[in-house]
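Here's the structure, in structure tokens; my notes come after.
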Amino acid sequence: MNLLDEFKTTLKEKGYKVTLQREKILDTVIKNEHSQLTSEEIYNIIKKDYPNMGIATIYRTMHIFEDANIVRKFDNDENGVRYELIDMNDKYQHPHFICTKCGEIFAVKDFNLNLIENELKKSYKFEIVNYDVKVYGICPKCLKIQ
């Protein structure tokens with residue numbers, strides 16, 4: 001089963017219909033799985049092939065995808081809300097590097113925060129359900145420009 005089919009099954013299991021519009025939006029998110037896209041960016045990609053799809057449909061659908069645990073909302077402060085495809089192997093949202101010069105976002109995939117998580121659980125008696133780690137700095141490309 002491919003990723004599109006897996007997520008379509010997830011939508012159905014959560015009680016959502018898989019409409020042509022939702023499938024096109026989902027396909028766009030999957031094709032850009034290594035990016036964090038805004039609803040507007042998704043709209044700009046889709047409107048080339050589907051000019052009748054409205055931006056409101058994108059907003060509503062992204063909320064549905066978030067509810068169905070297909071995407072995670074990522075608030076980049078300066079650049080607004082972005083969405084990224086959930087990796088089913090990630091227990092929590094992975095950290096991100098954000099370049100303060102160009103604004104590019106880099107997902108940090110293979111970084112283990114277990115030490116911090118365990119220390120927080122031990123010290124504060126919290127059951128962690130998720131976390132959002134953002135590290136700001138200057139990316140290698142912008143460092144070369146300086």
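A few comments on the model shown:
- The stretch 89-146 gives an Rg/Rh value of 1.11, both radii derived from C-alpha positions and Rh following Kirkwood.
- Highest average first, the peptides 35-43, 118-126, 132-140, 4-12 ordered by how many other beta carbon atoms sit within 10 Å of their residues are 35-43, 4-12, 132-140, 118-126.
- Here the Karplus relation 6.51 cos²θ - 1.76 cosθ + 1.60, evaluated at θ = phi - 60°, turns the backbone of the stretch 54-66 into coupling constants of x, 5, 4, 5, 4, 4, 4, 5, 5, 5, 5, 4, 5 Hz, with x for every Gly and Pro.
- Mean separation of Cα contacts under 8 Å, 6 or more apart, over the residue count of the chain: relative contact order %: 18 percent
- Cα centroid of the stretch 118-138 to Cα centroid of the stretch 32-67, whole Å: 30 Å
- Debye log10 I(q)/I(0) for the stretch 1-87, one point scatterer per Cα, at q = 0.19, 0.20, 0.25 Å⁻¹: -0.80, -0.89, -1.39
- The charge dipole of the chain, taken about the Cα centre with unit charges on the Cβ atoms of Lys, Arg (+1) and Asp, Glu (-1), comes to about 140 debye, rounded to the nearest 20.
- Short-range pairs are left out: with C-alpha atoms under 8 Å and at least six residues apart, the relative contact order of the stretch 89-146 is 47 percent.
- Within the chain, percent of DSSP bridges classed antiparallel, to nearest 5: 70 percent
- Footprinting exposure proxy ranking of D27, D49, fewest other C-beta atoms within 10 angstrom first, gives D49, D27.
- Under the Karplus curve 6.51 cos²θ - 1.76 cosθ + 1.60, θ = phi - 60°, whole-Hz ³J(HN,Hα) for the stretch 95-101, x wherever Gly or Pro sits: x, 9, 9, 10, 6, 7, 8
- The chain: most fluctuating residue of H34, H94, H63 per GNM, C-alpha cutoff 10 Å: H34
A short reminder: the numbers here are calculations on the coordinates, not readings from a lab. These figures come from a predicted structure and were not determined experimentally. A quick note on method: Cβ atoms are made from the backbone with ideal geometry, for glycine too, and the neighbour counts reach across all protein chains shown.
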